Amino acid sequence: MKRYAKYLGFVFVISLVVMWLAGVFEHREKTEEIKPEAKKVSGLKLATVEKTDEVYVYYTGNVVADKIADISTRIMGTVKNVKVKEGDRVRSGQLLMNIDSKDVEAQLKASNEQIRQAEEAYRAAIAQHEATKKTYERYLSLLREQAITQQEFDQIKAKYDASQASLEQAKAAIRASQFQRQAIASNLNYTSLVAPFDGYVVAKNVDVGDIAVPGTPLLIIEKPPYKFEVNLPEVYINRIKLGDSYRVYVDGLSMEINGTVVEIPPSIDPSTRTFKVKLLLDKADGLKSGMYARLLLPEKRKALLVPESSIVKRFDFTGVWVVKPDNTLELRFVKLGEKRGDKLEVLSGLKEGEKIVVEGIEKACDGCRLGG
């Protein structure tokens, strides 16, 4: 028993020594979590998320010129020269290019020779007809005097009728040759191509030495002003009126242009349930036919809009930097809708009145505090 008590006393002393070495009996300050100081960022531009009662719906279309001409030729030949280049302004009647006319000129000479031969054949037919006519008149007198038989007269009359038909045929041959010559001469006009109206050369599809093929556009000329063509759903058929003005956004120029409705069809395409509308565009530098553009139609609908510059995209993540009540930043996921001008519609992730970063998003960081 004494041994056991002695053993317990020894253990107790050792425990005290260990606790003393561990600093159990020393005074300690209360420990707290040390929070790192938030990084401060400056140079950010903020904006408040606002709700709008009207949004713009886009409908895509193309810019077209008021007049467009595909310059081609009716003859095949080698291009001798081209007087214009793309972008040149041309006047009505201005020479654009020449096509080698040797083949047409050869055909014209052959046609002249055909006319000469037809005229000679006609003169021979006249002489033959005159001789046959005299014989016919003489035999007619003999028949009345009963000096010849009816059969003999009928033979002469048949020759007379044949000579008269030959004469008419010779006349027809001359007219046919003249018409052929006229057609060939008109083709000669297509060896010198001229501008049909004042405008601009927008496409040049040939060079000197190329073979011009009939019906293939060699040059394309267009004349301002420019129009915007767009197909709209049938729900707008009674809403769009002649003379209405709408905004048209031209992506290639990154600008909006005013357009006035000038053409509305009286019917709807049953296959697409759409109708084509044309708007006359105001003048704008750099506007060209074929440009992609979008018609902005206002719609009454509540929506949250944010500037496109505020959007952060990282792989499949789309978000915006939101300023929290404690003045720190938070990168928040948002779901976007349609583009509305230079802004994007936010379907979820933001609330009206929240502040977001719209410029300098590359400086923002999660948890950072806005500085001066």
Notebook entry, point to check: Which residues, taken from region 47-69, are at pLDDT 90 or above and either open to solvent by 40 Å² or more (accessible area, probe 1.4 Å) or more than 27 Å from K278 (Cα to Cα) (or both)?
Noted result: Y59, T60, N62
Next item on the list: Of the conditions (1) in contact (Cβ under 8 Å) with a residue 60 or more places away in the chain; (2) in contact with a strand residue (DSSP E or B) (Cβ under 9 Å, 6 or more places away or on another chain); (3) not hydroxyl-bearing (S, T, Y), P214 clears all except one; give me its number.
Entry: (2)
Check: Does any residue of region 227-238 turn out to be in a strand (DSSP E or B), open to solvent by 70 Å² or more (accessible area, probe 1.4 Å) and within 30 Å of I75 (Cα to Cα)?
Finding: no
Next item on the list: Please enumerate the residues belonging to region 312-328 that are open to solvent by 30 Å² or more (accessible area, probe 1.4 Å), of a type outside the set (D, E, K, R) and more than 32 Å from the chain's Cα centre (by Cα).
Entry: F317, P325, N327
Checklist line | Hits in region 274-308 - residues which are at positive phi and open to solvent by less than 30 Å² (accessible area, probe 1.4 Å) | finding: none
Checklist line | Of all residues making up region 136-168, the number that are surrounded by 14 or more Cβ atoms within 10 Å (Cβ to Cβ) and either closer than 19 Å to Q114 by Cβ or hydroxyl-bearing (S, T, Y) (or both) | finding: 6
Notebook entry, point to check: Which residues, taken from region 239-264, are open to solvent by 40 Å² or more (accessible area, probe 1.4 Å) and not in a strand (DSSP E or B)?
Noted result: R239, K241, L242, G243, D244, D251, G252, L253, S254, I264
Margin query: Just the residues that are crowded, with 17+ Cβ neighbours inside 10 Å and either touching a residue at least 40 places away in the same chain (Cβ under 8 Å) or over 39 Å from the mean Cα position of the chain (by Cα) (or both), please, taken from region 329-353.
Written below: L329, L331, R340, E345, V346, L350
Check: Give me the pairs: first residue in region 118-145 and closer than 17 Å to A158 by Cα, second residue open to solvent by less than 40 Å² (accessible area, probe 1.4 Å) and not in a helix (DSSP H, G or I), beta-carbon distance under 9 Å, and six or more apart or on different chains, which are they?
Finding: Y139/I148; L142/I148
Item checked: Residues within region 178-226 that are closer than 25 Å to L108 by Cα and either open to solvent by 40 Å² or more (accessible area, probe 1.4 Å) or assigned to a helix (DSSP H, G or I) (or both), tallied -> 23
Checklist line | Every residue from region 270-308 that is assigned to a strand (DSSP E or B) and modelled with pLDDT under 90 | finding: L296, L297, P298, E299, K300, R301, K302, A303, L304, L305, V306, P307
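The values are calculated or read from the model by the stated rules, or taken from the named source; none is laboratory data. Computed from a predicted model, the values in this text were never measured in an experiment. FYI the Cβ positions are ideal-geometry reconstructions off the backbone, even for glycines, and counts take in every protein chain you see. With ligands, DNA and RNA removed, areas are computed over all heavy atoms of the protein, side chains included. Shrake-Rupley method; radii C 1.70, N 1.55, O 1.52, S 1.80 Å.
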